[in-house]
Amino acid sequence: MKEPILITGCSSGIGYTCAHALHQEGYQVIASCRSLDDVKRLQHEGLTCIQLDLNDKKSIDDAVAETLKLTDGKLYALFNNGAYGQPGALEDLPTEALREQFETNVFGWHHLVRQVLPIMISEKRGRIIQNSSVLGFAAMQYRGAYNASKFAIEGWSDTLRLELRNTNVHISILEPGPIETQFRANALAAFQRWIAYETSRHHHEYNQQIHRLSNKKSNNKFTLPPEACLEPLRHALTARQPKIRYRITTPTRLFAVLKRLLPQRWLDSILARAA
(Lines give C-alpha, C1' and ligand atoms only; values in the text may rest on other atoms or scores of the structure.)
Protein backbone atom coordinates (compact mmCIF):
# COMPACT_ATOMS: atom_id res chain seq x y z
CA MET A 1 0.00 0.00 0.00
CA LYS A 2 1.17 3.51 -0.79
CA GLU A 3 1.43 6.38 1.66
CA PRO A 4 -1.35 7.46 4.07
CA ILE A 5 -3.13 10.70 3.15
CA LEU A 6 -5.85 12.60 5.01
CA ILE A 7 -8.29 14.55 2.80
CA THR A 8 -10.87 17.02 4.09
CA GLY A 9 -14.14 17.95 2.41
CA CYS A 10 -14.81 14.65 0.65
CA SER A 11 -18.60 14.67 0.48
CA SER A 12 -18.58 15.85 -3.15
CA GLY A 13 -16.55 17.63 -5.81
CA ILE A 14 -12.77 17.75 -5.74
CA GLY A 15 -12.35 15.97 -2.39
CA TYR A 16 -14.72 13.16 -3.34
CA THR A 17 -13.11 12.64 -6.75
CA CYS A 18 -9.55 12.73 -5.46
CA ALA A 19 -10.29 10.44 -2.51
CA HIS A 20 -11.74 7.77 -4.77
CA ALA A 21 -8.98 8.10 -7.38
CA LEU A 22 -6.10 7.93 -4.89
CA HIS A 23 -7.76 5.00 -3.13
CA GLN A 24 -7.92 3.15 -6.46
CA GLU A 25 -4.23 3.93 -7.00
CA GLY A 26 -3.28 2.26 -3.72
CA TYR A 27 -2.91 5.19 -1.31
CA GLN A 28 -4.19 4.66 2.21
CA VAL A 29 -6.80 7.37 1.90
CA ILE A 30 -8.47 8.67 5.04
CA ALA A 31 -11.38 10.65 3.62
CA SER A 32 -13.32 12.98 5.88
CA CYS A 33 -16.67 14.77 5.81
CA ARG A 34 -18.49 17.11 8.15
CA SER A 35 -21.83 15.27 7.94
CA LEU A 36 -22.14 11.81 9.48
CA ASP A 37 -24.56 10.85 6.68
CA ASP A 38 -21.86 11.62 4.13
CA VAL A 39 -19.32 9.65 6.17
CA LYS A 40 -21.59 6.59 6.06
CA ARG A 41 -22.24 7.05 2.34
CA LEU A 42 -18.51 7.08 1.52
CA GLN A 43 -17.90 4.11 3.79
CA HIS A 44 -20.54 2.18 1.85
CA GLU A 45 -18.67 3.12 -1.33
CA GLY A 46 -15.56 1.38 0.00
CA LEU A 47 -13.58 4.34 1.35
CA THR A 48 -12.14 4.71 4.81
CA CYS A 49 -14.02 7.82 5.91
CA ILE A 50 -14.20 9.66 9.24
CA GLN A 51 -16.09 12.67 10.55
CA LEU A 52 -14.20 15.97 10.60
CA ASP A 53 -15.86 19.36 11.04
CA LEU A 54 -13.37 22.14 10.31
CA ASN A 55 -15.54 24.52 12.32
CA ASP A 56 -15.05 22.44 15.48
CA LYS A 57 -11.65 22.15 17.19
CA LYS A 58 -12.60 19.00 19.11
CA SER A 59 -13.83 17.36 15.91
CA ILE A 60 -10.46 18.08 14.29
CA ASP A 61 -8.55 16.65 17.27
CA ASP A 62 -10.73 13.53 17.31
CA ALA A 63 -10.31 13.05 13.56
CA VAL A 64 -6.52 13.30 13.79
CA ALA A 65 -6.46 10.77 16.63
CA GLU A 66 -8.65 8.39 14.62
CA THR A 67 -6.50 8.89 11.53
CA LEU A 68 -3.33 7.99 13.42
CA LYS A 69 -4.96 4.84 14.79
CA LEU A 70 -5.78 3.80 11.24
CA THR A 71 -2.27 4.56 9.95
CA ASP A 72 -0.18 3.22 12.87
CA GLY A 73 0.79 6.74 13.85
CA LYS A 74 2.06 7.78 10.42
CA LEU A 75 0.84 10.42 7.98
CA TYR A 76 2.58 11.24 4.73
CA ALA A 77 0.19 13.84 3.32
CA LEU A 78 -2.66 16.18 4.13
CA PHE A 79 -4.90 17.57 1.39
CA ASN A 80 -6.72 20.54 2.88
CA ASN A 81 -9.77 20.80 0.63
CA GLY A 82 -12.81 21.36 2.83
CA ALA A 83 -14.17 24.88 2.39
CA TYR A 84 -17.23 26.83 1.25
CA GLY A 85 -18.01 30.23 -0.27
CA GLN A 86 -20.02 32.96 1.48
CA PRO A 87 -21.40 35.32 -1.18
CA GLY A 88 -22.56 38.87 -0.55
CA ALA A 89 -21.30 42.44 -0.65
CA LEU A 90 -19.05 43.17 2.30
CA GLU A 91 -21.32 45.97 3.49
CA ASP A 92 -24.18 43.45 3.80
CA LEU A 93 -22.12 40.74 5.46
CA PRO A 94 -22.58 40.31 9.23
CA THR A 95 -19.31 39.98 11.08
CA GLU A 96 -20.44 36.60 12.39
CA ALA A 97 -20.79 35.34 8.82
CA LEU A 98 -17.23 36.44 8.05
CA ARG A 99 -16.01 34.83 11.25
CA GLU A 100 -17.74 31.57 10.32
CA GLN A 101 -16.16 31.67 6.86
CA PHE A 102 -12.71 31.99 8.42
CA GLU A 103 -13.40 29.29 11.01
CA THR A 104 -13.92 26.72 8.26
CA ASN A 105 -11.66 28.01 5.48
CA VAL A 106 -8.67 29.24 7.53
CA PHE A 107 -8.67 28.58 11.27
CA GLY A 108 -9.77 24.96 10.90
CA TRP A 109 -6.99 24.36 8.38
CA HIS A 110 -4.48 26.04 10.70
CA HIS A 111 -5.47 23.87 13.67
CA LEU A 112 -5.42 20.70 11.57
CA VAL A 113 -1.96 21.41 10.16
CA ARG A 114 -0.63 22.11 13.66
CA GLN A 115 -1.80 18.66 14.75
CA VAL A 116 -0.21 16.71 11.88
CA LEU A 117 2.94 18.74 11.21
CA PRO A 118 4.95 17.36 14.17
CA ILE A 119 4.36 13.85 12.81
CA MET A 120 5.70 14.79 9.39
CA ILE A 121 8.70 16.62 10.85
CA SER A 122 9.56 13.68 13.09
CA GLU A 123 9.40 11.34 10.08
CA LYS A 124 11.51 13.84 8.09
CA ARG A 125 9.09 13.87 5.16
CA GLY A 126 5.59 14.95 4.28
CA ARG A 127 3.33 16.84 1.91
CA ILE A 128 0.73 19.48 2.73
CA ILE A 129 -1.42 20.48 -0.23
CA GLN A 130 -3.73 23.46 0.17
CA ASN A 131 -6.72 23.83 -2.16
CA SER A 132 -6.91 27.57 -2.78
CA SER A 133 -8.57 29.36 -5.71
CA VAL A 134 -8.12 31.93 -8.45
CA LEU A 135 -9.89 34.10 -5.85
CA GLY A 136 -6.86 33.63 -3.63
CA PHE A 137 -5.00 36.23 -5.68
CA ALA A 138 -7.64 37.93 -7.88
CA ALA A 139 -10.54 39.45 -5.93
CA MET A 140 -14.06 39.60 -7.38
CA GLN A 141 -17.04 41.57 -6.12
CA TYR A 142 -19.72 39.88 -4.00
CA ARG A 143 -17.19 37.22 -3.01
CA GLY A 144 -15.36 39.23 -0.35
CA ALA A 145 -15.56 36.71 2.49
CA TYR A 146 -14.29 33.88 0.30
CA ASN A 147 -11.67 36.14 -1.33
CA ALA A 148 -10.37 37.12 2.11
CA SER A 149 -10.21 33.52 3.33
CA LYS A 150 -8.31 32.33 0.26
CA PHE A 151 -5.96 35.34 0.23
CA ALA A 152 -5.23 34.42 3.87
CA ILE A 153 -4.54 30.78 2.97
CA GLU A 154 -2.14 31.85 0.23
CA GLY A 155 -0.13 34.03 2.62
CA TRP A 156 -0.32 31.46 5.40
CA SER A 157 0.95 28.71 3.09
CA ASP A 158 3.80 30.88 1.75
CA THR A 159 4.91 31.62 5.30
CA LEU A 160 4.79 27.97 6.36
CA ARG A 161 6.80 27.00 3.29
CA LEU A 162 9.57 29.41 4.34
CA GLU A 163 9.52 28.12 7.90
CA LEU A 164 9.87 24.52 6.70
CA ARG A 165 12.78 25.10 4.32
CA ASN A 166 15.16 23.05 6.47
CA THR A 167 12.79 20.07 6.59
CA ASN A 168 11.62 17.59 4.00
CA VAL A 169 7.98 18.68 4.39
CA HIS A 170 6.74 20.35 1.21
CA ILE A 171 3.86 22.83 0.92
CA SER A 172 1.96 23.19 -2.36
CA ILE A 173 -1.07 25.24 -3.35
CA LEU A 174 -3.70 24.21 -5.89
CA GLU A 175 -5.47 27.11 -7.61
CA PRO A 176 -8.32 25.45 -9.51
CA GLY A 177 -10.56 28.26 -10.74
CA PRO A 178 -13.96 27.19 -12.12
CA ILE A 179 -14.59 23.51 -11.36
CA GLU A 180 -17.97 21.75 -11.65
CA THR A 181 -18.87 20.89 -8.04
CA GLN A 182 -21.61 21.48 -5.44
CA PHE A 183 -19.90 24.76 -4.56
CA ARG A 184 -22.69 26.94 -6.00
CA ALA A 185 -25.46 25.14 -4.11
CA ASN A 186 -23.56 25.47 -0.82
CA ALA A 187 -22.82 29.13 -1.55
CA LEU A 188 -26.50 29.83 -2.26
CA ALA A 189 -27.48 28.33 1.09
CA ALA A 190 -24.89 30.51 2.88
CA PHE A 191 -26.10 33.58 0.98
CA GLN A 192 -29.73 33.01 1.92
CA ARG A 193 -28.76 32.41 5.53
CA TRP A 194 -26.79 35.60 6.10
CA ILE A 195 -27.65 38.26 3.49
CA ALA A 196 -30.79 40.44 3.71
CA TYR A 197 -30.79 40.88 -0.05
CA GLU A 198 -34.33 42.26 -0.44
CA THR A 199 -33.39 45.54 1.29
CA SER A 200 -29.82 45.86 -0.01
CA ARG A 201 -28.76 48.49 -2.50
CA HIS A 202 -27.22 45.55 -4.40
CA HIS A 203 -30.64 43.94 -4.82
CA HIS A 204 -30.49 43.89 -8.64
CA GLU A 205 -27.02 42.34 -8.71
CA TYR A 206 -28.09 39.82 -6.06
CA ASN A 207 -30.91 38.61 -8.30
CA GLN A 208 -28.29 37.81 -10.93
CA GLN A 209 -26.15 36.06 -8.34
CA ILE A 210 -29.09 33.99 -7.11
CA HIS A 211 -29.87 32.96 -10.69
CA ARG A 212 -26.23 31.97 -11.26
CA LEU A 213 -25.94 30.02 -8.02
CA SER A 214 -29.26 28.25 -8.64
CA ASN A 215 -28.07 26.69 -11.88
CA LYS A 216 -27.11 23.04 -11.59
CA LYS A 217 -24.42 23.52 -14.23
CA SER A 218 -21.95 26.35 -14.70
CA ASN A 219 -22.36 28.60 -17.74
CA ASN A 220 -18.63 29.29 -17.74
CA LYS A 221 -17.14 27.67 -20.85
CA PHE A 222 -13.82 27.30 -19.03
CA THR A 223 -15.30 25.17 -16.23
CA LEU A 224 -13.55 21.81 -15.82
CA PRO A 225 -14.63 18.65 -14.00
CA PRO A 226 -13.10 17.81 -10.60
CA GLU A 227 -10.86 15.25 -12.32
CA ALA A 228 -8.79 18.20 -13.62
CA CYS A 229 -7.29 18.51 -10.14
CA LEU A 230 -6.05 14.92 -10.03
CA GLU A 231 -2.83 15.23 -12.01
CA PRO A 232 -1.63 18.35 -10.13
CA LEU A 233 -2.42 16.60 -6.85
CA ARG A 234 -0.50 13.50 -7.93
CA HIS A 235 2.50 15.65 -8.86
CA ALA A 236 2.37 17.49 -5.54
CA LEU A 237 2.35 14.12 -3.76
CA THR A 238 5.12 12.39 -5.69
CA ALA A 239 7.54 14.93 -7.23
CA ARG A 240 10.92 15.29 -5.56
CA GLN A 241 10.48 19.04 -5.85
CA PRO A 242 6.73 19.70 -6.10
CA LYS A 243 5.56 23.02 -7.49
CA ILE A 244 4.70 25.82 -5.12
CA ARG A 245 1.51 26.62 -7.08
CA TYR A 246 -0.52 24.56 -9.52
CA ARG A 247 -2.78 26.75 -11.68
CA ILE A 248 -5.32 24.39 -13.13
CA THR A 249 -7.91 26.22 -15.26
CA THR A 250 -7.52 28.75 -18.08
CA PRO A 251 -8.96 31.67 -16.04
CA THR A 252 -6.51 30.97 -13.21
CA ARG A 253 -3.52 30.97 -15.54
CA LEU A 254 -4.81 34.03 -17.41
CA PHE A 255 -5.45 36.15 -14.33
CA ALA A 256 -2.07 35.19 -12.87
CA VAL A 257 -0.45 36.72 -15.98
CA LEU A 258 -2.75 39.76 -16.08
CA LYS A 259 -2.11 40.49 -12.41
CA ARG A 260 1.60 40.75 -13.13
CA LEU A 261 1.27 42.81 -16.31
CA LEU A 262 -1.71 45.17 -16.02
CA PRO A 263 -2.23 48.31 -13.95
CA GLN A 264 -4.58 47.50 -11.08
CA ARG A 265 -7.45 49.66 -12.38
CA TRP A 266 -7.34 47.90 -15.75
CA LEU A 267 -7.45 44.57 -13.98
CA ASP A 268 -10.34 45.80 -11.80
CA SER A 269 -12.40 46.46 -14.92
CA ILE A 270 -11.76 42.95 -16.25
CA LEU A 271 -12.52 41.34 -12.88
CA ALA A 272 -15.74 43.34 -12.53
CA ARG A 273 -16.95 42.07 -15.90
CA ALA A 274 -15.88 38.51 -15.11
CA ALA A 275 -17.90 38.56 -11.89
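The values are calculated or read from the model by the stated rules, or taken from the named source; none is laboratory data. Note that the structure is predicted; figures quoted are calculated from it, not measured. Neighbour counts run over all protein chains shown; Cβ positions are idealised from the backbone, glycine included.
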Which of the residues that make up the range 1-32 are assigned to a strand (DSSP E or B) and free of Cβ contacts under 8 Å to residues at least 40 places away in the same chain?
V29, A31
Can you tell me which of I244, I270 is touching a Phe, Trp or Tyr at 6+ places or on another chain (Cβ under 9 Å) and surrounded by fewer than 17 Cβ atoms within 10 Å (Cβ to Cβ)?
I270
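Every residue, every condition in (1) closer than 21 Å to V29 by Cα; (2) without any contact (Cβ under 8 Å) to a residue 12 or more places away in the chain, yes or no:
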| site | (1), (2) |
| --- | --- |
| Q208 | no, yes |
| L213 | no, no |
| N220 | no, no |
| T223 | no, no |
| E227 | yes, no |
| L230 | yes, no |
| L233 | yes, no |
| L237 | yes, no |
| T249 | no, no |
Please enumerate the residues belonging to the range 221-241 that are buried (at least 16 other Cβ atoms within 10 Å of the Cβ), over 19 Å from T8 (Cβ atoms) and not aliphatic (A, V, I, L, M).
T223
Restricting to the range 130-185, name every residue that is among the hydroxyl-bearing types (S, T, Y), under 18 Å from R212 (Cβ atoms) and either touching a strand residue (DSSP E or B) at 6+ places or on another chain (Cβ under 9 Å) or not in a helix (DSSP H, G or I) (or both).
S133, Y142, T181
Kindly indicate the residue of the range 198-220 that is among the small types (G, A, S) and surrounded by 13 or more Cβ atoms within 10 Å (Cβ to Cβ) and also modelled with the lowest pLDDT among those meeting that condition.
S218
Odd one out for N186 among (1) in contact with a helix residue (DSSP H, G or I) (Cβ under 7 Å, 6 or more places away or on another chain); (2) at pLDDT below 95:
(1)
Scan the range 87-102 for residues that are charged (D, E, K, R) and either under 26 Å from E123 (Cβ atoms) or surrounded by fewer than 17 Cβ atoms within 10 Å (Cβ to Cβ) (or both) and jot them down.
E91, E96, R99
Go through the range 148-168 and give me each residue that's crowded, with 22+ Cβ neighbours inside 10 Å and within 17 Å of G88 (Cα to Cα).
S149, K150
Tell me the residue from R114, R41, R127 that is surrounded by fewer than 17 Cβ atoms within 10 Å (Cβ to Cβ), of a type outside the set (A, V, I, L, M) and under 18 Å from the mean Cα position of the chain (by Cα), please.
R114
List the pairs whose first member sits in the range 68-86 and is surrounded by fewer than 19 Cβ atoms within 10 Å (Cβ to Cβ), whose second member is among the acidic types (D, E), and whose Cβ atoms are under 8 Å apart, counting only residues at least 6 apart or on separate chains?
K74/E123
Return the pair list, or none, for Cβ contacts closer than 8 Å from residues in the range 131-156 that are under 22 Å from C18 (Cα atoms) to residues that are among the acidic types (D, E), at least 6 apart or on different chains.
S132/E154; S132/E175; S133/E175; V134/E175; G136/E154; G136/E175
What's the number of the condition S122 fails, among (1) over 26 Å from Y27 (Cα atoms); (2) assigned to a helix (DSSP H, G or I)?
(1)
Of G73, G85, G46, which residue is in a loop (DSSP other than H, G, I, E, B) and under 30 Å from E205 (Cα atoms)?
G85
If you go through the range 169-192, how many residues are surrounded by fewer than 16 Cβ atoms within 10 Å (Cβ to Cβ) and either aliphatic (A, V, I, L, M) or without any contact (Cβ under 8 Å) to a residue 40 or more places away in the chain (or both)?
3
If you scan the range 1-29, which residues turn out to be within 17 Å of the chain's Cα centre (by Cα) and farther than 19 Å from F183 by Cβ?
I5, L6
Of all residues in the range 203-258, count the ones that are in a helix (DSSP H, G or I) and not hydrophobic (A, V, I, L, M, F, W, C).
21
Those residues of the range 98-149 which are of a type in the set (S, T, N, Q) and under 17 Å from I60 (Cα atoms) amount to Q101, T104, N105, Q115, Q130
